[in-house]
Each structure stands twice: as C-alpha cells, then as structure tokens.
Amino acid sequence: MNLDLFDDAAPQPARSESIGPRSVVLRGYALPAADALLQSLDEVIRQSPFRRMETPGGHLMSVALSNCGRLGWTTDRDGYRYTPVDPLSDQPWPGMPPAFAALGREAAAAAGFAGFEPDACLLNRYEPGARMSLHQDRNERDFSAPIVSVSLGMPAMFLFGGLARSDPAARVPLFHGDVVVWGGADRLRFHGVLPLKDRPHPRLGSLRLNLTLRKAG
Ligand code: MD6
Ligand code: FE
C-alpha cells in the first residue's frame with residue numbers, strides 16, 4: 001500500500017486544470033515565489049512605471065501596463081508592437097528579473113513546453129472596473145513558444161475563447177498565485193478579462209497584477 005497517498009506532508013504537485021488541448025491552469029503554482037516576484041516587480045516599476053496606453057483606435061486602455069525584458073509590448077495610435085525601448089523614458093526596458101524567467105521556464109515545462117526562455121514580460125495592473133476585451137496575442141514573432149501568465153492580487157474572471165472571435169468563451173476564475181500556460185494549437189485563442197470586481201486582497205489591496213511571459217523576438 002502506498003501510504004504516501006495519505007501523507008499530508010508529502011509534496012503536492014500544483015493542481016492542474018486543463019482548459020484546452022495545450023492550455024492549463026496551474027493552481028497556486030506561483031505562491032511560493034509570490035514575495036520574490038512582487039519585490040522584483042517593485043524594482044521594475046520604479047524604472048518603468050505603469051501607464052495607461054492608447055489603442056490604435058484611440059481608446060485609453062483601462063488596464064495600466066509596463067514591461068521588462070529585452071522587448072516590451074506597447075500600443076499607441078500607430079499600432080501594437082514590441083519595442084526594445086520604453087517610450088516614456090527612451091531607455092531600454094528594465095531587465096528580466098531572474099525570478100520571473102525562472103518561474104516562466106518552470107511553469108512552461110510543467111505544462112509540457114520544455115525549453116521555453118522568455119525574452120519579454122508584459123505587466124498588467126487592474127483596478128476595480130478595469131477589463132481586457134477579447135484579443136489574440138499575435139505580435140510575437142514565433143508562435144511555437146507558449147505564453148505563461150501569472151495572476152497576483154484580486155481574483156479575476158478570465159475569458160478563454162476559441163480561434164475565431166465569435167467562438168463561445170469559457171469563464172475561468174483566476175486567483176492570486178495561479179499560472180496559466182498555453183501554446184501549440186491553442187496559442188492564438190481569443191481571451192480577455194471581465195471587468196474586475198472590488199474584492200480587496202490581503203497583500204495587494206484593490207489591485208490585480210498579471211505578468212505574461214513571452215518569447216517575443
Ligand atoms: C490578464 N491576460 O490575465 C490578461 N494573454 O490580465 C492576457 O491577455 C493573456 O493571461 C496571453 C496569455 C495569457 C494571458
Ligand atoms: Fe493576451
């Protein structure tokens with residue numbers, strides 16, 4: 001009989017929920033790293049603060065963004081793109097903190113994507129009411145790499161659709177420490193976030209932070 005099955009002290013794998021053929025939610029995967037991630041995030045934000053960006057259509061995004069890593073995702077009236085320089089400072093984006101890269105690499109491997117080396121991390125800051133409308137992540141050069149998305153702070157309702165904008169979208173609640181990994185056949189699925197409710201988090205208050213690690217270049 002395998003008594004380990006009943007041993008509360010035995011290390012548990014993060015609970016893993018499949019949301020698509022190559023998409024998974026790793027529940028609580030980032031909890032052990034959360035303090036280190038938040039400390040690194042503070043340093044990044046000191047150099048490249050969160051700011052609200054304008055879409056090509058002229059709308060101000062409700063989510064505030066920043067980046068770290070060799071490339072950063074930006075939007076303005078001229079379109080969506082990755083740039084090596086923060087347009088606010090005209091300096092390179094802050095370097096990728098080792099804790100970010102390690103979590104990205106390890107979560108990707110846990111989801112079946114060995115060899116993932118992120119070169120870009122988009123940071124999203126949501127306040128109550130902020131939302132992300134359905135979109136595809138398609139500004140990266142190479143869609144063979146997955147995306148690793150880390151949720152911190154207030155919970156959010158993630159929308160996970162199909163390959164066409166009109167496909168029905170599943171609703172996936174995401175909590176502090178959850179990590180979503182997707183790639184392969186699911187890499188271009190539409191996704192978004194419903195307007196955030198104000199359910200203050202003990203550590204982060206009325207904020208949700210999302211880090212998405214990518215291979216952009
Ligand atoms: C968010 N996430 O969770 C928005 N994109 O705040 C994204 O847009 C996203 O979570 C690609 C892959 C994972 C994501
Ligand atoms: Fe996205």
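The values are calculated or read from the model by the stated rules, or taken from the named source; none is laboratory data. Only a predicted model underlies this, so the values are computations on that prediction, with no experimental measurement involved. Backbone-built Cβ (ideal geometry, glycine too); neighbour counts: all protein chains shown. The protein model used for the area step is the full one, side chains on, heavy atoms only, and it has no ligands, DNA or RNA in it. Shrake-Rupley method; radii C 1.70, N 1.55, O 1.52, S 1.80 Å.
Exactly one residue out of 177, 161, 129 is more than 10 Å from ligand 1 (Cβ to nearest atom) and closer than 20 Å to residue 104 by Cα, and it is 177. Note on region 143-173: residues that are under 24 Å from residue 67 (Cα atoms), away from ligand 2 (no atom under 13 Å from the Cβ) and touching a Phe, Trp or Tyr at 6+ places or on another chain (Cβ under 7 Å) amount to 2.
Only one entry in 192, 161, 184 is within 14 Å of residue 20 (Cβ to Cβ) and open to solvent by less than 10 Å² (accessible area, probe 1.4 Å), namely 161. Among residues of region 127-142 being of a type outside the set (D, E, K, R) and more than 13 Å from ligand 2 (Cβ to nearest atom), the one that is least open to solvent (accessible area, probe 1.4 Å) is 130. Contact map, region 121-146: residues that are under 13 Å from residue 212 (Cα atoms) and in a loop (DSSP other than H, G, I, E, B) paired with residues that are among the charged types (D, E, K, R) and open to solvent by 60 Å² or more (accessible area, probe 1.4 Å), Cβ distance under 8 Å, separation 6+ or inter-chain. Pairs shown: 140/215; 145/215; 146/22.
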